Amino acid sequence: MDNRSRQRVLISLFFFLAGICFSTWASRIPTIKAHFDFNDAQLGTVLLFMPISSLLGLPVSGWLVSRFESRFPMTAGFVMIAISLFLIGLANTWVMLVGSIALFAFSTRIMSIALNTQAIQLQKRYERKINGSFHGLWSAGGIVGVGISTLFVALNVSIYVHFAIIAIIALIVTVSAFRGLEGNDRATSGNRLAFEKPDPYIVYLGLLVFLAAVCEGGMFDWSGIYFRETVGVELFTLGYLLFMILMATSRFVSDRLVEQFGMAKMYVMSGSLVSVGILMAVAMPAFWPSLIGFCLVGFGCASVIPMTFSLAGHSKKYSPGMAISIIATYSIVGMLIGPPVIGYIAHAFSLRVAFLVFALTGLLMIPISQRLFRLIRKSE
């Protein structure tokens with residue numbers, strides 16, 4: 001196996017592991033909600049600490065990626081994620097829970113920037129787009145994580161044992177694979193964050209990834225609760241599981257779809273599918289309509305973040321690492337601020353009303369993406 005292929009295998013492994021870790025946390029949120037007897041607003045408040053912690057990680061992650069080879073912050077991020085998962089499972093007070101969740105968000109921030117930097121740099125060594133497949137493996141890892149959660153919920157395995165097992169696996173894989181990762185990828189220019197008039201190219205990319213992430217983050221954290229409390233399904237991980245399956249499947253084919261239809265049309269298709277899927281689930285909160293609706297949302301969300309991160313690598317102002325760091329800020333804030341907003345709206349009205357926020361994010365993707373490609377055409 002040549003060096004390029006070996007790097008692709010290792011990066012794929014880490015995307016897969018990242019998906020397992022995130023879905024392990026997200027799929028057991030209903031368990032945490034029940035254990036602490038939180039109402040929707042209280043759960044939303046607890047989840048709000050995640051975007052705050054993630055924002056604190058912005059200057060740290062950007063500095064680490066520009067200062068060191070990306071494999072070092074990526075490895076450190078995975079180690080801290082494993083520790084935070086263990087602590088979340090162990091938490092018996094809301095203070096310990098909030099602190100553990102904050103560490104999880106901070107660690108995910110650092111890991112995500114470094115891992116996506118590695119992926120974009122490797123894609124430049126190929127003559128075709130491969131970034132979608134990496135994010136497909138993240139979703140596939142999410143499926144495995146939710147599958148494990150579903151099994152453990154059915155077997156009444158405690159969240160402490162569940163999270164400890166995943167944490168140990170993450171540590172073993174990270175330590176074992178570290179030496180095989182490519183080094184010498186530190187950028188020599190474009191590493192300074194310029195506090196001046198925002199670059200429209202980066203802003204449009206950021207807004208697109210923010211909207212997609214609001215939808216993804218909300219679906220990750222609230223789809224199980226929607227199925228249990230609104231649809232009335234006891235095995236509450238089922239809707240989330242199928243959402244992840246459709247997202248993973250479509251991400252594996254997204255690179256080919258982008259080549260066939262072009263990115264501009266793919267953004268329009270993605271936004272439309274998200275809106276239609278959510279409206280179906282909200283209008284008909286029964287098992288099959290909700291299930292089909294969630295699947296459409298998963299298919300619609302799938303290609304937006306991989307496409308946007310690929311475009312970030314072509315920034316004329318910033319290095320790939322710094323551009324990804326800036327845009328990932330929008331992504332992580334969207335993914336982590338979406339859940340508490342949904343919680344507050346659900347507490348004030350209902351979860352069905354709150355889910356309309358996701359339909360709105362899908363609709364907004366369309367005009368923003370059209371503005372982005374008009375800007376690209378002007379600069380060519």
For this session: Go from 0 up to the bin containing the longest alpha carbon distance in segment 1-156, width 5 Å each, and give me the % of pairs per bin.
Result: 2, 9, 16, 19, 19, 15, 10, 6, 3, 1, 0
Problem set entry | Extension gain from F373 to A348, taking 0.36 nm per residue of separation minus the Cα-Cα distance | 5.2 nm
Exercise. Within the chain, how many Lys pairs sit with Cα atoms under 30 Å apart, leaving out pairs fewer than 8 places apart on the same chain?
Worked result: 18
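Given C-alpha coordinates of the chain, what is the ratio Rg to Rh with the Kirkwood estimate of Rh?
Numbers: Rg = 19.4 Å, Rh = 20.5 Å.
That ratio equals 0.94.
So if the hydrodynamic radius of segment 193-336 is defined as the Kirkwood radius over C-alpha pairs, what does Stokes-Einstein give as its diffusion coefficient at 37 °C and 0.692 mPa s, in µm² per second? Numbers along the way, then the final one.
Numbers: Rh = 15.9 Å.
Stokes-Einstein gives a translational diffusion coefficient of 207 µm²/s.
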Exercise. Using a Gaussian network model of the chain with C-alpha springs under 10 Å, which one of I169, I245, I342 is most mobile by mean-square fluctuation?
Worked result: I169
For this session: For n ≥ 4 DSSP H runs only, could you compute -39500 (n - 2.57) per run for the chain, divide by its residues and tell me the 222 nm figure to the nearest 500?
Result: -28000 deg cm²/dmol
For this session: Give me the distance in nm between label points sitting 7 Å out from Cα along the Cα-to-Cβ direction at A264 and W288, one decimal.
Result: 4.0
Problem set entry | Rel. contact order, % - alpha carbon contacts under 8 angstrom, at least six apart, the chain | 27
For this session: Please find, in a Gaussian network model of the chain (springs between Cα atoms separated by less than 10 Å), the residue of Y126, Y226, Y344 whose mean-square fluctuation is greatest.
Result: Y126
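What percent do you get for the relative contact order of segment 71-123 when only Cα pairs under 8 Å and 6+ apart count? Walk me through the numbers before you get to the answer.
Values: 44 pairs, mean separation 26.6, N = 53.
Across segment 71-123, relative contact order equals 50 percent.
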Problem set entry | Choice from G44, G147, G180 with maximal GNM fluctuation in the chain (Cα, 10 Å cutoff) | G180
Exercise. Where in segment 291-313 is the amide nitrogen less than 19 Å from a point lying 7 Å along the Cα-to-Cβ axis of V357?
Worked result: 294, 297-298, 301
Problem set entry | Shape category assigned to segment 70-156 from the gyration tensor of Cα positions, a/c cut at 1.5 | oblate
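Is the C-alpha gyration tensor of segment 269-328 telling us rounded, prolate or oblate? Criteria: a/c under 1.5 is rounded; beyond that, a/b larger than b/c is prolate, otherwise oblate.
Numbers: a/c = 4.44, a/b = 3.96, b/c = 1.12.
Judged from the Cα gyration tensor, segment 269-328 comes out prolate (a/c at least 1.5, a/b above b/c).
Which order, highest average first, do 71-80, 283-292, 110-119 follow once you tally other Cβ atoms within 10 Å for each residue and take the mean per peptide?
Top of the packing list down: 110-119, 71-80, 283-292.
Bear in mind these aren't lab numbers, they're just calculated from the coordinates by the rules spelled out. In this text the structure is predicted, and so the values were computed from the model without any measurement. Here the Cβ is made from the backbone with ideal geometry for all residues, glycine too, and neighbour counts use every protein chain on show.
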